[in-house]
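Visitor: Input: one structure, supplied below.
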């Protein structure tokens, strides 16, 4: 039975994620850890690009970054693809730097898939998918965005994750 | 012909500069295409008069352009390269995109940033800073002011690199539209730092150049060599 997490989005509804513990054990364990610690509560979807993805779990309103733990092993070679409505770990250029931030694909983003175990080919690790509240994701992808500080594509009105809970 | 892009040359990365200098001195290409972001930043052609790193780079360009034709296309970092540098070095400036007829094929050359149309805010920014009005305004400021702006942008860029951004890619439909309009089969571009070859449809493909970093493990120093018969090879220079 795959674990499920609900993201309660302020004023928008609930997005339910089903996590693939078998194919992405480290990413799922890492994600659940942040959920249970309450890390995601009060964070925002800070980078929203319609037709691409919505990214969150790293910043509070005002673009204040929350501290996180260290990077985890990249599990993008698990066979799961960055298809529409899948959830994957965000990271820096370092393939094994994913910590708390995640993103929900709003298109089939083949170019994010694992190609090779090299810095440029590693890809982004998919660890679950949206099984409830796809309509909420569809609303979120279309919100108006702008520049905040040096960050682009930031929703003009904060999209806040009130709480993330294991169900 | 050979193509390179995304070297992001800067004084703080001497190893990459040295590798580039060696490559420019040694290449036996009939023509060399610099497809954008050769420089990490370029605040105006007058920077070469200040001596220093940019003047060194200009000298490398000048020496190479004496041996073979060198074509320069701006990227999103060095779009303020202009006529003055071209005259001082012998570079030929190219518009983005440019079609190059070579052998039996037409090659569409681009930096690639204009094709990442998913990034709508970047495209709005790009439209603004590629405009004559903005550029005249910026270039009218003293060099020291422009260099301070560039330093600020570099700090932001470094901060963004640490911020786990997921980047979008070149849009397939847009790339196909460009290729059809240009009656070209192959698009060659950089910008995304994701070297690969993508079949766009039965007739069209796009080839992506690597970025350069001599200090990466393994080092990324590579040119794309295109032969007259149409074969494409990645030449490692490490």
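Visitor: State, to one decimal in nm, how far the label point of residue B:25 lies from the label point of residue B:157, with both points 7 Å from Cα in the Cβ direction.
Guide: For residue B:25 paired with residue B:157, the spin-label model returns 2.6 nm.
Visitor: How large is the convex hull of the C-alpha atoms of the stretch A:88-165 per residue, in Å³?
Guide: 133
Visitor: Suppose R0 equals 41 Å. What FRET efficiency, 1/(1 + (r/R0)^6) with r the Cβ-Cβ distance, do residue B:46 and residue A:36 give to the nearest 0.05? Present the calculation step by step, with values, prior to reporting the outcome.
Guide: On the way: r = 57 Å, r/R0 = 1.40.
Efficiency, from the Cβ-Cβ distance: 0.10.
Visitor: So how do A:90-98, B:151-159, A:45-53, B:17-25 stack up, highest first, on mean other-Cβ count within 10 Å? Working shown, then result.
Guide: Details: A:90-98: 18.9, B:151-159: 12.7, A:45-53: 23.2, B:17-25: 17.3.
Result, highest mean first: A:45-53, A:90-98, B:17-25, B:151-159.
Visitor: With the crude spin-label approximation of a point 7 Å out along Cα→Cβ, what separation in nm comes out for residue B:140 versus residue B:229?
Guide: The answer from the label model is 5.7 nm.
Visitor: Another question, if that's okay. Can you check what the Kirkwood hydrodynamic radius comes to for the protein assembly as shown, Cα pairs only, in Å to one decimal? Could you put the intermediate results ahead of the total?
Guide: Values: mean 1/r = 0.0443 Å⁻¹.
Hydrodynamic radius (Kirkwood, Cα pairs) of the protein assembly as shown is 22.6 Å.
Visitor: Can you give the mean number of other chain Cβ atoms that lie within 10 Å of the Cβ atoms in peptide B:151-164?
Guide: What the average comes to for B:151-164 is 4.
Visitor: Could you work out the relative contact order of chain B, using alpha carbon pairs under 8 angstrom and six or more residues apart, expressed as a whole percent?
Guide: Working: 430 pairs, mean separation 53.8, N = 238.
So the answer I get is 23 percent.
Visitor: For each of A:104, B:235, count neighbouring Cβ atoms within 10 Å of the residue's Cβ, then give the residues from fewest to most.
Guide: B:235, A:104
Visitor: How are the Cα pair distances of chain B distributed, in percent, across 10 Å bins from 0?
Guide: 7, 32, 38, 21, 2, 0
Visitor: Between residue B:68 and residue B:181, what is the FRET efficiency for a Förster distance of 41 Å, r being their Cβ-Cβ separation, to the nearest 0.05?
Guide: Values: r = 29 Å, r/R0 = 0.72.
Rounded to the nearest 0.05, the efficiency is 0.90.
Visitor: Shifting gears a bit: Can you give the mean number of other chain Cβ atoms that lie within 10 Å of the Cβ atoms in peptide A:90-100? Write out the running numbers ahead of the final one.
Guide: On the way: counts 4, 3, 6, 6, 2, 0, 0, 2, 1, 1, 1.
Partner-chain Cβ atoms within 10 Å, mean over residues of A:90-100: 2.
Visitor: In addition: Output needed: percent of Cα pairs per 5 Å distance bin for the stretch A:4-166, bins running from 0 to the one holding the longest distance.
Guide: 2, 10, 20, 24, 22, 16, 6, 1, 0
Visitor: Under a crude label model (7 Å from the Cα following the beta-carbon direction), how far is residue A:165 from residue B:18 in nanometres?
Guide: Between residue A:165 and residue B:18, the label points sit 6.0 nm apart.
Visitor: Further question on the same structure: Kindly provide the helix-only [θ] at 222 nm of chain A, computed as the sum of -39,500 (n - 2.57) over DSSP H runs of four or more divided by all residues, to the nearest 500 deg cm²/dmol? Kindly include the intermediate steps, with their values, before the conclusion.
Guide: On the way: 2 runs with 20 residues, N = 167.
Taking each H run of at least 4 residues, the total per residue is -3500 deg cm²/dmol.
Visitor: Compute the distance from the alpha-carbon center of the stretch B:184-237 to that of the stretch A:7-30, in whole Å.
Guide: Here the answer is 37 Å between Cα centres.
Values quoted throughout were computed directly from the atomic coordinates according to the rules given, and no laboratory measurement underlies them. On a predicted model such as this, the values are computed, not experimentally measured, just so you know. All Cβ positions, glycine included, derive from the backbone under ideal geometry; neighbour counts span all protein chains shown.
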